[in-house]
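**Q** Got a structure here, written out as structure tokens. Questions coming.
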Amino acid sequence: MNERLYVAGEFYGIQKYVLGITAAGGGQAKRLRARSFVVQALEQIVVEELRALGSSELIMAGGGQFVLALENSQAAQPRLLEFRRELQERLFKELGGELSFNLGWSDSIEQARHARELERRRPWAEYMTGPNGWAHERMRLGNIYPPCDICGKRRETVTWSSDGPPESVCERCNSDRSIGTQIPHVQGVELAEHDSDIQLLGRGLRFRHASSGAAVGDGGRALHRYVPVQDDRKTLLTFEEIAAKAEGDELLGILKADVDSFGRLIAKHTKEGTLDALERVSKDLDGFFSITLQRAISENAEWKYIYTVFSGGDDLLLVGPWSVMLDFAATVESMFSSGPGRQYGLSLSAAVSFMPPRIPIRHGVHRAETDLKQAKGGSKNHCATLGGVWDWEDFRRILGKGRQLVKWWTCGVKKALLRRLYHIAASAEPGAQLWAWELGRNFPPRNSPHDELRLFREWGDRVLANWEAGTMNETRAALLYALTATRMIRSKDERRGR
């Protein structure tokens, strides 16, 4: 018998759960923050309970997944079977099946992860079956009328009225609201038998507030997920308020990124048996996303309006003003490539999508996911945004060109001209003649006395001279950036017709 039994676990459907709210509006940021916290807390609870089964070693954890090694014994596997069944029951009753949990084990990490994959194909099997077959009574949806205004999956029990229009919500969403209100002041969370702030899976959790000065105790976990707050340092900014901080158009930018080929690296270390190296790379990657990046956001005024939905393991999902998120995407890649990327030979792919702030955030995330697949579908190590997929050097060059176009607009270049140039660059038809016509009729003269206008003319000449060089996609993306950054938004009173 192998002395070690490897256990691989995961919470499956994290993004669907975190984003699975039907309502948008001012309270959306608070609800997302609460659900993101719940996932982090659940991982902490499950790992601690598994480690309590016997002598154990945590090999890797983060992003809702973990691998640990237990001391193997005749009682180990029956105890794991009972743990999986009992945990699925607690989780189903707590969250109504919105977030599932899979657990597999074997005498090697590779086989344990494979067993976990098999469990993913039979969700809730332990809970939905019994000695006599299917437990049909557990498959029936109870009475949810009238449904919760937020999730639409449970019966309303509480009515809110303080955050805007009245909303009737279920107990779970009411708990999310309470958590979301407290989280901006929390620096850590720990399991607690007494004096707990909230209950989750029947376990008490105690918050450690930043103002208390108390350190997070043994078994606790620091919360590094930054959220932007008002000047009072207490009230969470809404997504509308975050979008209003953008340059030009009031749009949110959704940044989704993850490490390329990380699964292949895990398989390599698992096959070679270099578990210490696997533990180290897992810890370093999780530390980069959950600590290093979060510290960079919280300590730099340039990034203070970035909202963390989740950041840990080997990926992240952030929301912020669209113009800020483009710059931050380049910063993330630079920090990663000079840190764990260089150390372990890894690269990062990302996508940034834009969306209005008053619709459910999941729509923007879905688009970012689709774009990220394109960024990872070829050579990887790319960023998908502004209507294209770019390697990181090209992406930074596009941002620089876009900012330069904005500067020229402030110096007198007409917005209508930028718009016409964009349509020429985006046209499927050869547009060199149209561009040349604009150069002759609407660009500043080559001998303009204004330095910036003369530079704008030189740029237009270079674009035409290099028309066949394959750079028009970059020109189109830079013009799209400039048009979005110079789109003037009317005041709210004007939009209401006052």
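The values are calculated or read from the model by the stated rules, or taken from the named source; none is laboratory data. The structure presented is a predicted model; accordingly, all values stated were derived computationally and were not measured. We place every Cβ from the backbone using ideal geometry, glycine too, and count neighbours over all the protein chains shown.
**Q** Restricting attention to the range 430-446, which residues are farther than 11 Å from Trp467 by Cα, touching a helix residue (DSSP H, G or I) at 6+ places or on another chain (Cβ under 6 Å) and surrounded by 14 or more Cβ atoms within 10 Å (Cβ to Cβ)?
**A** If the condition is that a residue be farther than 11 Å from Trp467 by Cα, touching a helix residue (DSSP H, G or I) at 6+ places or on another chain (Cβ under 6 Å) and surrounded by 14 or more Cβ atoms within 10 Å (Cβ to Cβ), then Leu434, Leu439, Asn442, Phe443, Pro444 are the ones that fit.
**Q** Let me ask another. If you scan the range 156-193, which residues turn out to be small (Gly, Ala, Ser), part of a loop (DSSP other than H, G, I, E, B) and without any contact (Cβ under 8 Å) to a residue 24 or more places away in the chain?
**A** Ser161, Ser162
**Q** Being among the basic types (Lys, Arg) and surrounded by 14 or more Cβ atoms within 10 Å (Cβ to Cβ) is the filter here; which residues of the range 256-290 pass it?
**A** Result: Lys256, Arg280, Lys283.
**Q** What pairs come up if the first residue lies in the range 133-155 and is more than 28 Å from Glu167 (Cα to Cα), the second is of a type in the set (D, E, K, R) and not in a strand (DSSP E or B), and their beta carbons are under 6 Å apart, counting only those six or more places apart or on different chains?
**A** Matching pairs, first to second residue: none at all.
**Q** I'd like to verify a number: residues in the range 70-80 that are touching a helix residue (DSSP H, G or I) at 6+ places or on another chain (Cβ under 9 Å) and free of Cβ contacts under 8 Å to residues at least 12 places away in the same chain, how many?
**A** Total satisfying the criteria: 0.
**Q** Right, here's the next one. Within the range 306-319, does at least one residue satisfy the condition of being part of a helix (DSSP H, G or I), of a type in the set (S, T, N, Q), under 17 Å from the mean Cα position of the chain (by Cα) and under 28 Å from Pro360 (Cα atoms)?
**A** Checked the range 306-319: no residue is part of a helix (DSSP H, G or I), of a type in the set (S, T, N, Q), under 17 Å from the mean Cα position of the chain (by Cα) and under 28 Å from Pro360 (Cα atoms).
**Q** Take Ser323 and decide whether it is over 27 Å from Leu480 (Cβ atoms) and assigned by TED's automatic domain parsing to the domain that holds Arg367.
**A** No, not satisfied.
**Q** Under the condition of being more than 18 Å from Gly152 (Cα to Cα) and at pLDDT 85 or above, which residue from the range 32-41 is farthest from the chain's Cα centre (by Cα)?
**A** That would be Ala41.
**Q** Looking at (1) at pLDDT below 95; (2) more than 28 Å from Gly248 (Cα to Cα), which is the one condition that is false for Phe336?
**A** Every condition holds for Phe336 apart from (1).
**Q** OK, next. Within the range 94-102, is there a residue that is assigned to a helix (DSSP H, G or I), in contact (Cβ under 8 Å) with a residue 12 or more places away in the chain and among the charged types (D, E, K, R)?
**A** Yes, the range 94-102 contains a residue that is assigned to a helix (DSSP H, G or I), in contact (Cβ under 8 Å) with a residue 12 or more places away in the chain and among the charged types (D, E, K, R).
**Q** So which residues in the range 344-363 are surrounded by fewer than 24 Cβ atoms within 10 Å (Cβ to Cβ) and touching a residue at least 60 places away in the same chain (Cβ under 8 Å), if there are any at all?
**A** Tyr344, Leu346, Ser347, Phe354, Met355, Pro356, Arg358, Ile359, Pro360, Arg362
**Q** If a residue has to be among the hydrophobic types (A, V, I, L, M, F, W, C) and at pLDDT 85 or above to count, how many in the range 1-31 make the cut?
**A** The total comes to 7.
**Q** Further question: Among the residues of the range 146-190, count how many are within 20 Å of Glu98 (Cα to Cα) and among the aliphatic types (A, V, I, L, M).
**A** The qualifying residues number 3.
**Q** Let me ask you something else. Just to be sure I understand the filter: pairs with C-beta atoms under 6 Å, separated by 6 or more residues or on different chains, first member in the range 41-58 and under 14 Å from Glu86 (Cβ atoms), second member buried (at least 16 other Cβ atoms within 10 Å of the Cβ) and of a type outside the set (Gly, Ala, Ser). Which pairs pass?
**A** Partner pairs satisfying both residue conditions: Ile45/Leu201; Ile45/Arg203.
**Q** Is at least one residue of the range 104-120 at pLDDT below 95 and farther than 24 Å from Ile59 by Cα?
**A** no
**Q** Of all the residues that make up the range 242-260, how many are more than 21 Å from Phe310 (Cβ to Cβ) and either of a type outside the set (A, V, I, L, M, F, W, C) or outside any loop (DSSP other than H, G, I, E, B) (or both)?
**A** Of the residues in the range 242-260, 5 are more than 21 Å from Phe310 (Cβ to Cβ) and either of a type outside the set (A, V, I, L, M, F, W, C) or outside any loop (DSSP other than H, G, I, E, B) (or both).
**Q** Another one. With within 23 Å of Leu372 (Cα to Cα) and not in a helix (DSSP H, G or I) as the only criterion, which of Val352, Val332, Val324 stands out?
**A** Val352
**Q** Does Glu302 fit the bill of being surrounded by fewer than 22 Cβ atoms within 10 Å (Cβ to Cβ), in a helix (DSSP H, G or I) and either in contact (Cβ under 8 Å) with a residue 24 or more places away in the chain or touching a helix residue (DSSP H, G or I) at 6+ places or on another chain (Cβ under 9 Å) (or both)?
**A** yes
**Q** When you check Ala350 against the structure, is it over 20 Å from Leu479 (Cα atoms) and in contact with a Cys (Cβ under 8 Å, 6 or more places away or on another chain), yes or no?
**A** yes
**Q** Could you please find all residues in the range 369-397 being crowded, with 23+ Cβ neighbours inside 10 Å, touching a Leu at 6+ places or on another chain (Cβ under 8 Å) and closer than 20 Å to Ser261 by Cα?
**A** Ala384
**Q** Same structure again: Select from the range 233-253 the residues that are of a type in the set (Gly, Ala, Ser) and crowded, with 22+ Cβ neighbours inside 10 Å and write down the one among them that is farthest from Ile361 (Cα to Cα).
**A** The selected residue is Ala246.
**Q** Hey, another quick one. Given the conditions (1) under 30 Å from Gly13 (Cα atoms); (2) crowded, with 17+ Cβ neighbours inside 10 Å; (3) free of Cβ contacts under 8 Å to residues at least 60 places away in the same chain, which single one is not true for Trp408?
**A** The one condition Trp408 does not meet is (1).
**Q** Also, quick follow-up: So which residues in the range 377-391 are among the charged types (D, E, K, R) and modelled with pLDDT of 95 or more, if there are any at all?
**A** Once the filter is applied, which keeps residues that are among the charged types (D, E, K, R) and modelled with pLDDT of 95 or more, the range 377-391 yields only Asp391.
**Q** Additional query: So in the range 158-173, with the set limited to residues that are modelled with pLDDT under 85 and touching a strand residue (DSSP E or B) at 6+ places or on another chain (Cβ under 7 Å), which one is surrounded by the fewest Cβ atoms within 10 Å (Cβ to Cβ)?
**A** The qualifying residue surrounded by the fewest Cβ atoms within 10 Å (Cβ to Cβ) is Pro166.
**Q** Looking at this structure, is Phe395 in a helix (DSSP H, G or I) and either touching a strand residue (DSSP E or B) at 6+ places or on another chain (Cβ under 8 Å) or within 26 Å of Gln294 (Cα to Cα) (or both)?
**A** Answer is yes for this residue.
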